[in-house]
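Before any comments, here is the structure.
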Amino acid sequence: MRTLVLWCPDWPVIAAGIVEGVPAHGPVAVLHAGRVLACSPAARADGVRRGLRKREAQGRCPRLVVVDHDAGRDTRAFEPVLAAVEQLAAGVEVVRPGVCAVAARGPARYFGSEEAAAELLVEHVAQACDVEAQVGIADGVFAATLAARAGRLIPPDRTTSFLAGLDVGALGRPALVDLLRRLGIRTLGDFAALPAGDVLARFGFDAALAHQLAAGRDAHPLAPRQPPPDLDVTQEFDEPVDRVDAAAFAARALAEQLHQRLAGHGLACTRLGIEARTVHGEELYRTWRHDGLLSAAGIADRVRWQLDGWLTTAGKRSVATSALVSLRLVPEGVVEHAGLQLGLWGEAGEERDRAHRALTRVQGLIGPEAVVLAELGGGRSAGGRVRLVPWGDERSSGESDQPCSGGGSGEPPWPGRLPPPAPATILPEPLPACVTTADGTPVGVTGRLAVTGEPALVTVGDGRPVEVWGWAGPWPVDERWWAPDEADRRVRFQLLLSDGQAFLMSLSGGRWVLEAVYD
């Protein structure tokens, strides 16, 4: 690909002058790890070179101004240059601060030739940013960068011959360059003439990539940015709309237009943004989520419900607003239409769709946080593993056994977690209970987790004692011991009773409670 590279010489020095006011016209050197990374022309005139140590550079130029390297400073100062380049050429890629690349074909066709595009870019950057720059054009980013350093425009199909005469130091790999020179390989042409398989076997993968660059074959060619399609749909009302029925009529036509536009790109909407503007300049915006594909009717329903909430007052949750002058629908989340897994026997049934619409309608009336689903997550207690997620929000793909959010597969499960199965019913408030041995002695647990007696009878609240047929445990929990006010230290047991019930019970501070019931 024909590539145009714009290079700003001595950019770390220029950036220090732009951001920190360092006099870049004088002798200036930017240091990194105690060595000169870049220097100004005045410093080079006094013998300062890249790679010199600080003491040696100051010895050659006593009036040298030394500045520490700051990659963030270089990047911030380069942003106005990128903006200026993008005013004339779309799809700018940053090679590094001070160097950027664009595809040469577009600017060359627009401005008449590659030479004209190069001249205009240099002049525009100089006028807009007061920065000196050089432009090079060649086949590939690597060759174009070297051409920019020489200020040359390499004709098509001449990139290989241009690279062949350059020193191997242009590869920018000091260890490899030193080895090649000791082997008698001085130019990129000599290096490119070596068999690719032998280079890989002898020098390794990184050298193989450098061999491709020396031969004029970029390992990472320029990828021009393709602007995303404009999927939003907007309608401006001739007369302000203050009635729900009139707004809903316009919304249905707008929803059909959005659905057709998405279908034309092979997409479907999963998250819809609704934006409206009132006669008083008030801007309203709301996002609606859906865990399936929004049809045209689904989009229209959500727009109608939202407009109903904006234009009318229903209880304390709605706020009356003025008439609307424009309406815009924004597909915030889209997926490929063929990429959604359908039901086992084709499309989902109408009953499911009606249930989804009903839940979404309720959310529109009383708020998204008022309709929730239960989801299992990580935790040690039965109740702690359940969290409530608003209907329509993204949920995790499955049950999490990780001790912290974001844990990947292969990590150990939560220490102290109860073994399966999970209890069927978790009590909102634990009930006081009593667990004793056959002779009525309360059952306890020692500091070494040894049970003081065989559980034989269980009494919950004011009920009668029930015989224990089997039990398992104890499973200890010692959480947040470093925060006394929030600490939780207890042991848990599973008990099977003679009447067929199965309990999850815990003992803390000598007191038994019933936490959950198994089926």
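The values are calculated or read from the model by the stated rules, or taken from the named source; none is laboratory data. Computed from a prediction, not measured in an experiment: that's the story for all the values here. Virtual Cβ from ideal backbone geometry, glycine too; neighbours counted across all protein chains shown. What goes into the accessible areas is simple: the full protein's heavy atoms, side chains included, and nothing from ligands, DNA or RNA. Shrake-Rupley method; radii C 1.70, N 1.55, O 1.52, S 1.80 Å.
Remarks
- Looking only at the range 495-514, residues that are in contact (Cβ under 8 Å) with a residue 40 or more places away in the chain, part of a strand (DSSP E or B) and within 21 Å of Thr446 (Cα to Cα) come to 9 in all.
Yes/no matrix, rows are residues, columns are (1) under 18 Å from Val517 (Cβ atoms); (2) under 53 Å from the mean Cα position of the chain (by Cα):
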site	(1), (2)
Pro428	yes, yes
Thr436	no, no
Pro442	no, no
Val466	yes, no
Gly470	yes, yes
Val477	no, yes
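- Taken over the range 54-72, the criterion of being open to solvent by less than 80 Å² (accessible area, probe 1.4 Å) and closer than 21 Å to Arg96 by Cα is satisfied by Val67, His69, Asp70, Ala71, Gly72.
- At least 1 residues being more than 26 Å from the chain's Cα centre (by Cα) is the threshold, and among the strands (runs of 3 or more DSSP E) wholly inside the range 64-113 those reaching it are 65-68, 99-103.
- Check on Gly184, more than 25 Å from Arg2 (Cβ to Cβ), open to solvent by less than 60 Å² (accessible area, probe 1.4 Å) and out of contact with any Leu (no Cβ under 7 Å at 6 or more places or on another chain): yes
- If you go through the range 245-285 and keep only what is under 15 Å from Val233 (Cβ atoms), among the charged types (D, E, K, R) and surrounded by fewer than 16 Cβ atoms within 10 Å (Cβ to Cβ), you end up with just Glu256.
- Hey, Gln257 under 24 Å from Leu293 (Cβ atoms), in a strand (DSSP E or B) and more than 22 Å from the chain's Cα centre (by Cα) or not: no
- Filter result for the condition that a residue is open to solvent by 40 Å² or more (accessible area, probe 1.4 Å) and in contact (Cβ under 8 Å) with a residue 40 or more places away in the chain, over Arg109, Arg96, Arg149: Arg149
- Tally, over the range 267-292, of residues that are on the phi > 0 side of the Ramachandran plot and touching a His at 6+ places or on another chain (Cβ under 8 Å): 0
- No other residue among Pro423, Pro390 is at pLDDT 70 or above and farther than 30 Å from Asp308 by Cβ apart from Pro423.
- Any pair with Cβ under 7 angstrom, 6 or more apart, that starts in the range 168-184 at a residue that is more than 16 Å from Leu209 (Cα to Cα) and ends at one that is assigned to a helix (DSSP H, G or I): Arg181/Val168
- Subset of the range 172-223 that is β-branched (Val, Ile, Thr) and assigned to a helix (DSSP H, G or I) - its residue that is farthest from Val94 (Cα to Cα): Val199
- Complete set of residues in the range 418-451 that are in a loop (DSSP other than H, G, I, E, B), in contact with a Pro (Cβ under 8 Å, 6 or more places away or on another chain) and under 23 Å from Ser498 (Cβ atoms): Thr437, Val443
- Any chance Asp130 is at pLDDT 90 or above, of a type outside the set (Lys, Arg) and exposed (fewer than 13 other Cβ atoms within 10 Å of the Cβ): no
- Checking the range 38-53 against the condition returns no match, with no residue being within 29 Å of the chain's Cα centre (by Cα) and loosely packed, with under 15 Cβ neighbours inside 10 Å.
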